[in-house]
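Report on the structure given below.
The values are calculated or read from the model by the stated rules, or taken from the named source; none is laboratory data. These figures come from a predicted structure and were not determined experimentally. For neighbour counting, all protein chains shown are included, and Cβ atoms are generated from backbone atoms with ideal geometry for every residue, glycine included.
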Amino acid sequence: MATIHPSTDFRSDTVTWPTPAMVEAMATAELGDDVYGEDPTVNELETLAASLLGKAAGLFVTSGTQGNLIAALTHAQRGDEAILGEDAHTFCWEAGGIAVLGGITTRPLPTDSRGRMAVDQIKAAIRSDNPHLPHSRLVLLENSSGGNHGAAIEPEYFAAVSAVAQAHDLKIHLDGARLFNAATALGIDPTAITTQVDSVSICLSKGLCAPVGSMLLGSEEFIHQARRHRKLLGGGMRQAGGLAAAGIIALKTMTQRLQADHDNALALALGLATIPGIKLDPQVVETNMVFFDLENDLNLAPEQLIKTLKIDYGLYIGGYGDRTLRAVTHYWIEPSQVDRLVEAIRAIVALHPTPGYT
Ligand SMILES: *Cc1c(COP(=O)(O)O)cnc(C)c1O
């Protein structure tokens, strides 16, 4: 299969390649054995991430999924229960890892259109101390909310959940795969959110463009235990400094430019909204994701749109079930490609004339 260049690829921000500055830094990084704690570049990345996110310590992990799994294993025991949104990434897209590997049961709650569980429902879901019941131990939150248009959840929500969790001795882990997108959209420092939770994971390899890796942040004691769980899961890496060098650039510079991706996403949404038969509300675009639907009576199947974009235009978008499609903006997507995508979709829709949409 031919390589798909990320400048044409709107399927996700996971498709980003490392930037030229990252490639240079990766080639010249100082190395050591990180399982011995001797890779200076990994150590620098862990210290930097902890300080940017207002936590005492950090751990470089292989993926966001691994970071969330390690966090759950570290906070909770077998037979404990985690409260989380029914559309949370950890519930839907992580192969059930916390149950499979941690013996942790899940208590999914409904979420609103921005991915938030109601605080009083979280409170009501906390179990009493009764031998029949699992032990409520953990609340898992997500920001931005990937299953809800990339909504950027405000710090006040985390403060409200934190008050409930603390009152009942529950821990909070934040899946902050795209936390910097959320913070950018809200115009706040991410610590306004991370200080309300016990641990947080962030992805270096999505909009921040590092090739591999996530960070898990928390207290010294939490990270000490997390390091054991990383090893248990086979995530102890050796000369990982080359990857960490890209992560340092991700945190220092790529976090500062995300507004450009959000501007591009909004421009894309506004453009798509002008095409008859395409249904979306540009107002729900808060970060770098645009979800849109093909109207039911539009004479075009989503698979056909995806295929025609690929074959005739060399552009890639993602299918999201039923008649929903997703386009995500990132560092490699230029405004000119956003315009190309809008005009390509307009042209493809016009080739499938539908009564009522002409
Ligand atoms: C991508 C993502 C993850 C998992 O990251 P991987 O590195 O793909 O394992 C976790 N949570 C959210 C919200 C994500 O978007």
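Among all positions in segment 199-207, there is at least one residue which is more than 19 Å from residue 50 (Cβ to Cβ), under 14 Å from the mean Cα position of the chain (by Cα), modelled with pLDDT of 95 or more and within 15 Å of the ligand (Cβ to nearest atom).
Count, please, the residues in segment 283-318 that happen to be small (Gly, Ala, Ser) and either out of contact with any helix residue (DSSP H, G or I) (no Cβ under 7 Å at 6 or more places or on another chain) or closer than 25 Å to residue 182 by Cβ (or both). Of the residues in that region, 2 qualify. Can you go through 169, 87, 175 and tell me which one is closer than 28 Å to residue 54 by Cα, within 15 Å of the ligand (Cβ to nearest atom) and surrounded by fewer than 21 Cβ atoms within 10 Å (Cβ to Cβ)? Step by step, each of 169, 87, 175 is checked, and only 87 is closer than 28 Å to residue 54 by Cα, within 15 Å of the ligand (Cβ to nearest atom) and surrounded by fewer than 21 Cβ atoms within 10 Å (Cβ to Cβ).
Scanning segment 1-57 for residues being within 16 Å of the ligand (Cβ to nearest atom) and of a type in the set (Gly, Ala, Ser) gives a total of 2. Which one is nearest to the ligand (Cβ to nearest atom), of the residues in segment 148-166 that are touching a helix residue (DSSP H, G or I) at 6+ places or on another chain (Cβ under 7 Å) and of a type outside the set (Val, Ile, Thr)? So, considering only residues that are touching a helix residue (DSSP H, G or I) at 6+ places or on another chain (Cβ under 7 Å) and of a type outside the set (Val, Ile, Thr), the one nearest to the ligand (Cβ to nearest atom) is 150.
Of all residues in segment 40-84, exactly one satisfies the criterion of being polar (S, T, N, Q), surrounded by fewer than 24 Cβ atoms within 10 Å (Cβ to Cβ) and over 30 Å from residue 256 (Cβ atoms), namely 77. Here is a list: 129, 112, 33. Which entry is surrounded by fewer than 16 Cβ atoms within 10 Å (Cβ to Cβ), modelled with pLDDT under 95 and on the phi < 0 side of the Ramachandran plot? Of the residues listed, the single one that is surrounded by fewer than 16 Cβ atoms within 10 Å (Cβ to Cβ), modelled with pLDDT under 95 and on the phi < 0 side of the Ramachandran plot is 129. Note on segment 163-181: among residues that are in contact with a strand residue (DSSP E or B) (Cβ under 6 Å, 6 or more places away or on another chain) and assigned to a helix (DSSP H, G or I), the one that is farthest from residue 13 (Cα to Cα) is 165.
Checking the structure you have, find out if any residue of segment 68-82 is more than 16 Å from the ligand (Cβ to nearest atom), at negative phi and among the β-branched types (Val, Ile, Thr). Scanning segment 68-82, I find at least one residue that is more than 16 Å from the ligand (Cβ to nearest atom), at negative phi and among the β-branched types (Val, Ile, Thr), so the answer is yes. Residues of segment 132-152 that are under 30 Å from residue 11 (Cα atoms) and buried (at least 23 other Cβ atoms within 10 Å of the Cβ): 139, 140, 141, 142, 143, 144, 145, 146, 149, 150, 151, 152.
Would you say residue 245 is part of a helix (DSSP H, G or I) and not assigned by TED's automatic domain parsing to the domain that holds residue 288? Criteria met by residue 245. From the list 260, 267, the one residue that fits, being of a type in the set (Gly, Ala, Ser) and surrounded by fewer than 18 Cβ atoms within 10 Å (Cβ to Cβ), is 260. Here residue 250 passes the criteria (1) in a helix (DSSP H, G or I); (2) at pLDDT below 95 except the one numbered (2). Of all the numbered requirements in (1) more than 24 Å from residue 329 (Cβ to Cβ); (2) assigned to a loop (DSSP other than H, G, I, E, B); (3) away from the ligand (no atom under 16 Å from the Cβ), residue 107 misses one, and that requirement is (2).
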